[in-house]
Amino acid sequence: MKYTKLVLAALSATSAFAQPEDASGKKNVLFLIVDDLRPELNCYGANYMKTPCIDSLASTGVMFQNAYCNVPVSGASRASIFSGLRPGKNRFWDVNSEIDKDAPDNVTLTQHFKENGYVTISNSKVIHGKKDAAKRSWSEIWMPKGPSKTWRDYLGDENLSVEKQKGGPNAYECLEVPDEAYFDGKTTDKVIKDLRELKKKKQPFFLAVGLLKPHLPFNAPKRYWDFYDRNSIQLPETFKFDRKGFPKEAFHEYNEIRYYKNIPAKGDISADEAITLIHGYRACVSYTDALVGKIMSELKRLDLDKNTLVVLLGDHGWSLGDHNQWCKHSNFNIVNHSPLIVLDPDNTKKGKEMKVVEFVDLYPTICEAAGLPVPKHVEGKSFIKLLHGEDKEWKDCAIIKWHNGVTYFDRNYGYTEWYNKNDQFISNMLFLYKNDRMELKNVANQLENKALINKLHKEIVNRRGNEFMNN
């Protein structure tokens, strides 16, 4: 079976990362950013998921068990990552956020590498805006093309004929096609070509790869759908969720998914349709996993693994009916908790890291790993010590923002405060993860938690960044 061979290749690709022959040479960066990928992977404990290639990478690198985006929508999340800045009151607000508009004077992550002699290549969606910070950040920008007239990347005539009509196309596609038929397969082929050319040039590179799936619509070759038995798929425990005791600000109408056929314009998605959506999501994750395996295999074959820092992450989490919600766009843990795996060839540490990190920390960490200075504007903190051992002074928490809500996450608590446009407090919610990992009970109004809430509020104020609310 082709996929089995691919898995074996991926296992080989990450099994023996040696030190570079020329330790003084600049370290390359392979940056894999995946749309809407939540940590529902076998290596993160979801043993029903078929993700052997990412699992292998996780076993050889450092897998962060508690990594968080700083804003749960791709445009703003990626702008934050590549600018090194936290979202704020008027900065990195939604999917249309752009670095050039919100932080035009700051050096982007890849601009910094480019100015230090690196070839910087963006393949498919990396920074969300196609032209955002483009000329200064990249030596080359490439986007995949196919029969679809939109970014939705359909192949079947049924969906293609109605893809521009709300309520027309399905939220998924399952066809007997090869990997390279869809955008992500084409992107993978381009990345492999890039690696071969970069090997010849012998110039340090920052190669960024945007893998679109499992973003809606859930389109993947049929063989990946076949990895999962629909009859064994279960709805999340919180699919039927009682909102009593929760602020109305905690929820949204998940309009992103309402574009598609068989999804009601208002109200709940049926259980039957939910099972199909979950099936499609998982198929897309396995499809992406196979493509990651191909890339890692080629990196190893070219002997580039010995001097290449590999970073794999999802740009934010995603709801699959959890809390009776879909998509991103909320302050719940499941929407902001994302996978993050970092493989440094200088690394001796492997496997799980439990401490909390946030994506704004990636900019300084990648710079330090590559031996570059960290620009002064960067608001995150390098977690390089966590890659190489222990950091007893690590902050071990994350601050995320979605519209007028700001959330503090650590391994014990999830606490959110909402404010109106005049920065006046509206509502809050608090979860105690020791007894409520699934965030089922808001205990913000319990008197015994008043001191804890005051403490967490101070943490938010102290850590939320330089461009936030006034209070």
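The values are calculated or read from the model by the stated rules, or taken from the named source; none is laboratory data. Please read all numbers here as calculations on a predicted model, not as lab measurements. Ideal geometry is used to build each Cβ from the backbone, glycine not excepted, and the neighbour counts take in all protein chains shown.
Restricting attention to strands (runs of 3 or more DSSP E) lying wholly within region 143-248, give those where 1 or more residues are of a type in the set (D, E, K, R) and either at pLDDT below 95 or closer than 26 Å to SER319 by Cα (or both).
By residue number, 172-175.
Name the residue, out of ILE275, ILE257, ILE295, that is within 27 Å of GLY405 (Cα to Cα), of a type outside the set (S, T, N, Q), in contact with a helix residue (DSSP H, G or I) (Cβ under 9 Å, 6 or more places away or on another chain) and part of a helix (DSSP H, G or I).
Details: ILE275 fails: within 27 Å of GLY405 (Cα to Cα); ILE295 fails: within 27 Å of GLY405 (Cα to Cα).
The match here is ILE257.
Within region 273-291, no residue that is free of Cβ contacts under 8 Å to residues at least 24 places away in the same chain sits with its Cβ atom under 6 Å from a residue that is among the hydrophobic types (A, V, I, L, M, F, W, C) and in a helix (DSSP H, G or I) at 6+ positions apart or across chains. When the test is whether a residue is more than 16 Å from PHE205 (Cα to Cα), surrounded by 13 or more Cβ atoms within 10 Å (Cβ to Cβ), touching a helix residue (DSSP H, G or I) at 6+ places or on another chain (Cβ under 9 Å) and not polar (S, T, N, Q), GLY146 passes it.
Against the numbered list (1) touching a strand residue (DSSP E or B) at 6+ places or on another chain (Cβ under 8 Å); (2) free of Cβ contacts under 8 Å to residues at least 24 places away in the same chain, SER319 comes up short only at (2).
If we keep just the residues of region 115-134 that are surrounded by fewer than 19 Cβ atoms within 10 Å (Cβ to Cβ) and in contact (Cβ under 8 Å) with a residue 60 or more places away in the chain, which is farthest from GLU467 (Cα to Cα)? Only one residue tops the list, namely GLY117. Kindly list, by first and then second residue, each pair from a residue in region 217-246 that is under 14 Å from ALA274 (Cβ atoms) to a residue that is aromatic (Phe, Trp, Tyr), limited to pairs with Cβ atoms under 8 Å and residues at least 6 apart or on different chains. Close Cβ pairs (under 8 Å, with a partner that is aromatic (Phe, Trp, Tyr)) amount to PHE218/TYR172; PHE218/TYR281. Can we say LYS458 is exposed (fewer than 12 other Cβ atoms within 10 Å of the Cβ) and modelled with pLDDT of 95 or more? Taking the combined requirement at face value, the residue satisfies it. Only one of the listed residues (LYS434, LYS450) is out of contact with any strand residue (DSSP E or B) (no Cβ under 7 Å at 6 or more places or on another chain), loosely packed, with under 14 Cβ neighbours inside 10 Å and under 25 Å from LYS355 (Cβ atoms). That residue is LYS434. Listed by first and then second residue, the pairs linking a residue in region 65-78 that is over 18 Å from ASN90 (Cβ atoms) and at pLDDT 95 or above to a residue that is among the hydroxyl-bearing types (Ser, Thr, Tyr) and outside any helix (DSSP H, G or I), with Cβ atoms under 6 Å apart and 6 or more places separating them unless they lie on different chains, are ALA67/SER338; CYS69/SER338.
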